[in-house]
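J.: First the structure, which I've put down as structure tokens, then a few questions once you've had a look.
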Amino acid sequence: MTRKHGDHPAKQGEHPAHDELEKQPTPKNIPNAPTSVMFFDPAMPVVPVAPAGYLQGNRLRLSIVVMVYKMPEQAKKTLYSLSAAYQRGVSEEDYEVIVVENPSSNMLGRVDAEKWGNNFRYIAYPETKPTPVNAMNFGATQALGSMVAVMIDGARMVSPGIVNYIIAAERLHPNAIVAVPGYHLGDKVQQEAMLEGYDEAYEQTLLDKICWPEDGYRLFEISCLSGTSHSGWLKPLGESNVLAMPRHIWDKLGGYDPGFTETGGGQCNLDLHKRAVELEETVLVTLIGEGSFHQFHGGITTGTKGKERLDIMQSHFNQYAELRGGPYRPPLKRAILFGAMPDCAAKFARHSASTIMKNRKEIPRDWP
Amino acid sequence: MISMKKPLLSIIVIVYNMPRQALNTLFSLSLPYQKNVSADDYEVIVVENRSANNLDPGALAALGPQFRYFLRAETGVSPAPAVNFGLAQCRGEQIGLIIDGARMVSPRVIEYALLAARISQQALVMVPGYHLGERDQKFHLQTGHTEQLEIAKLEQLGWRENGYRLFKWACWSSSNQRGYLQPMQECNALFCSADNFRRIGGADERFDQPGGGSINLYIYRRLGTLPDIQLFVLPGEGSFHQFHGGVTTQELPDDDQRKAVLKSFDTRLEEIWGGPFKALTREPMLLGAVTHWAQPFLEKASEMASQRFTRLTLNRKPFWEDDAAFARFTENAVSCLGDGYEPPAVMQQAQRMPE
């Protein structure tokens, strides 16, 4: 061992949090912008005792609700990545996928939404506003599974162990909230990459390079951490684009807050993540060897430029602050990490650990 | 008083001639040091082979009602019969085995072992092994690692209040020195079902050498190669070896002497295994939070894992060859090199996205 452990004494008066914010793709100095949290709550969560027998019964274990809006080509890849042909260790009987689509000029439609397996269902939701919140909440009411997983951005394809691990996580605890770190395809986040010419055609060459969908784990080879997870998964995650929770927790939270009326739901997904994780009875499980991978599609915060993007983000932040009384701050509950580490994801494990170590001097106190 | 409720987990700790270290180990298995578990969840079966230096039963009783102490007369020099004796005492459906009583553990080992057992009845939980000190204790003469130094250092760390501080003064055990994202030789704190312990026939008493020789490696690999086993590794937890002049964990003035001892252990191991012995090569599933104390080890383990994955990909070798089901990452990566390499049949059936 060449590294000496514990040789990062705390230096008074330094603010590494500032450096961290510098690197964030979120533009600086926007009022109500989410604040970064550098480390987990020093206190480890007390895991509430699990009642016996909560897994009994033959109920369908998992329903995945996916939102699609004006991105049929990306959605097809996402839905394929959720199919039993791509997901490992599970069959169509183990879970269902509910595809919810809001009306647009470029629809996916029932045929292309349901062709991925007998466990796929399509709902065309008659929404008139620009938010996915109502459609997602309606989709969840149709869910039959004991766990509900929501994917509010249908442009996010997933790695091949997601379904299997969410079902396994339910065995860990009856109140398990399952989060999956988010990635962007490409070597930098797409809101930056697009300024250098990143587009759908280039993305396809990346996917061809890894022979997608032969081995979905190779998505890690051509991706980078997305903005809300950019410092890795040993810090509190800002959101999860595959967020799974038991049905009773979903019901208790009332799903997404319909107060988020902004385009794309604004910060509704961050808000749901935070509210779920912060419930006292829940246990946060992060799937470290899995990921959701954002495809470029001219999305609301990932495909707009310059002032337009700033204005949109500003109104998202403002709406969050208005609804919750201040800017967003990730939930501090420490996660139980879970999952095997694919070869091409090991670099992100290293990145996650070294980011924390760099900031170690900031850890405020010793904790048991 | 032994609790009447049947515990979920029985942990066997074998002790011989190291009362101070063993008491630290047993303390690390007591409450409230162990988090998120109750005394009803587990029992600790302490089996001590009698020596001139035995545990103080009074000190042990003070640790809690979940500790059960058995002092045996053992004529041999191996812990194998003591392990089998311990197995016969276990009431839990899950078994933990700490064959070297000098290995103290971190605070969520029991919690996570129980969680893993809930995920899979075939869980084999591996707690990565560390040595206290800057370097493996087999170099203790060179590093000046002594019992007195260790006592002082442990005191200074305040490990009883927070066992994760042990990571601050620890290094990888040399049998697992490339970290836990690699094949690992041995496991010094392992957990699996009592059924699986029965399937391998408990501890093989042919390991009758001092300290059992390589029995620990053998048990780990036997359990790990049961076909349906699911290997879990706890990246944020550890078992920490205290210096006690153990059979292979101390430096002898004559290094040839230590090498000769190890050689005899290897020979016996290969005899009993029935061929060349190698580390268990199954893909580990990680489970548990990683505290900041343990994060440097995660960083190092993932760095070394990336190097290994790259090397194996270039050499067209599988990553986890003991995993019968494992034929994915390497094969795909290799098939993309475009040099005429034929992937095995399992990959040729890989699903294509329907048009």
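The values are calculated or read from the model by the stated rules, or taken from the named source; none is laboratory data. These figures come from a predicted structure and were not determined experimentally. Methodologically, a virtual Cβ is constructed for each residue, glycine included, from the backbone with ideal geometry; neighbour enumeration extends over all protein chains shown. The area values use the complete protein model at the heavy-atom level, side chains included, leaving out ligands, DNA and RNA. Shrake-Rupley method; radii C 1.70, N 1.55, O 1.52, S 1.80 Å.
J.: Could you please give the count of residues in the range B:151-162 that are at pLDDT 95 or above and either within 10 Å of B:S106 (Cβ to Cβ) or facing another protein chain (nearest Cβ under 8 Å) (or both)?
T.: The total comes to 1.
J.: Another question, then. Among what's in the range B:18-43 and is of a type outside the set (D, E, K, R) and free of Cβ contacts under 8 Å to residues at least 40 places away in the same chain, pick the residue that is most open to solvent (accessible area, probe 1.4 Å).
T.: Among them, the one singled out is B:P32.
J.: Which condition number does A:A345 fail, the rest of (1) within 30 Å of B:Q230 (Cβ to Cβ); (2) open to solvent by 30 Å² or more (accessible area, probe 1.4 Å) being met?
T.: For A:A345, the exception is condition (2).
J.: Report yes if some residue within the range A:207-217 is under 15 Å from A:P181 (Cα atoms) and open to solvent by 30 Å² or more (accessible area, probe 1.4 Å); otherwise report no.
T.: no
J.: Next question, about the same structure. Out of curiosity, is B:R72 within 22 Å of B:G202 (Cβ to Cβ) and in contact with a helix residue (DSSP H, G or I) (Cβ under 7 Å, 6 or more places away or on another chain)?
T.: Yes, satisfied.
J.: Of (1) at positive phi; (2) at the interface with chain A (Cβ under 10 Å from one of its Cβ atoms); (3) not acidic (D, E), B:L231 satisfies all except one. Which?
T.: (1)
J.: May I pose another question? For the range B:70-124, which residues satisfy the criterion of being open to solvent by 20 Å² or more (accessible area, probe 1.4 Å), among the β-branched types (V, I, T) and either within 13 Å of B:L9 (Cα to Cα) or within 12 Å of chain A (Cβ to nearest Cβ) (or both)?
T.: Result: B:I119, single match.
J.: Identify all residues within the range B:272-295 that are without any contact (Cβ under 8 Å) to a residue 24 or more places away in the chain and in a helix (DSSP H, G or I); write none if there are none. Can you show your working first?
T.: We begin by selecting, within the range B:272-295, every residue without any contact (Cβ under 8 Å) to a residue 24 or more places away in the chain; these are B:274-276, B:292, B:295.
Matches in the range B:272-295: B:Q295 only.
J.: Among the residues that make up the range B:274-283, is at least one of them buried (at least 16 other Cβ atoms within 10 Å of the Cβ) and within 12 Å of chain A (Cβ to nearest Cβ)?
T.: The answer is yes; a qualifying residue exists.
J.: Is it the case that A:K129 is farther than 19 Å from A:G255 by Cα and open to solvent by 10 Å² or more (accessible area, probe 1.4 Å)?
T.: So A:K129 does not fit the description; no.
J.: Continuing with this model, one more query. In the range B:1-83, which strands (runs of 3 or more DSSP E) lie fully inside it and hold 1 or more residues that are among the basic types (K, R) and over 25 Å from B:Y218 (Cβ atoms)?
T.: Details: elements: B:9-15, B:42-49, B:67-72.
Because the criterion is at least 1 residues that are among the basic types (K, R) and over 25 Å from B:Y218 (Cβ atoms), the strands (runs of 3 or more DSSP E) in the range B:1-83 that meet it are B:67-72.
J.: Still on this structure: Please go through the range A:146-160 and give me each residue that is of a type in the set (A, V, I, L, M, F, W, C) and closer than 15 Å to A:E290 by Cα, ordered by number.
T.: Result: A:A149, A:M151, A:M157, A:V158.
J.: May I pose another question? If I filter the range A:271-325 down to residues being over 30 Å from A:G216 (Cβ atoms) and of a type in the set (D, E), which single residue comes out as modelled with the lowest pLDDT?
T.: A:E308
J.: On to the next question. Evaluate the range B:200-215: report whether one residue or more is in contact with a strand residue (DSSP E or B) (Cβ under 9 Å, 6 or more places away or on another chain) and modelled with pLDDT of 95 or more.
T.: Yes, the range B:200-215 contains at least one residue that is in contact with a strand residue (DSSP E or B) (Cβ under 9 Å, 6 or more places away or on another chain) and modelled with pLDDT of 95 or more.
J.: Now for a separate question. Please return the ranges of strands (runs of 3 or more DSSP E) entirely within the range A:113-226 where 3 or more residues are of a type outside the set (D, E), more than 14 Å from every other protein chain (Cβ to nearest Cβ) and within 15 Å of the chain's Cα centre (by Cα). Lay out the reasoning, then the answer.
T.: Numbers: elements: A:120-124, A:147-151, A:156-158, A:176-179, A:182-185, A:223-225.
In the range A:113-226, A:147-151, A:182-185, A:223-225 are the strands (runs of 3 or more DSSP E) which contain 3 or more residues that are of a type outside the set (D, E), more than 14 Å from every other protein chain (Cβ to nearest Cβ) and within 15 Å of the chain's Cα centre (by Cα).
J.: Consider B:R206 carefully, then state whether it is more than 12 Å from chain A (Cβ to nearest Cβ), basic (K, R) and part of a loop (DSSP other than H, G, I, E, B).
T.: Yes.
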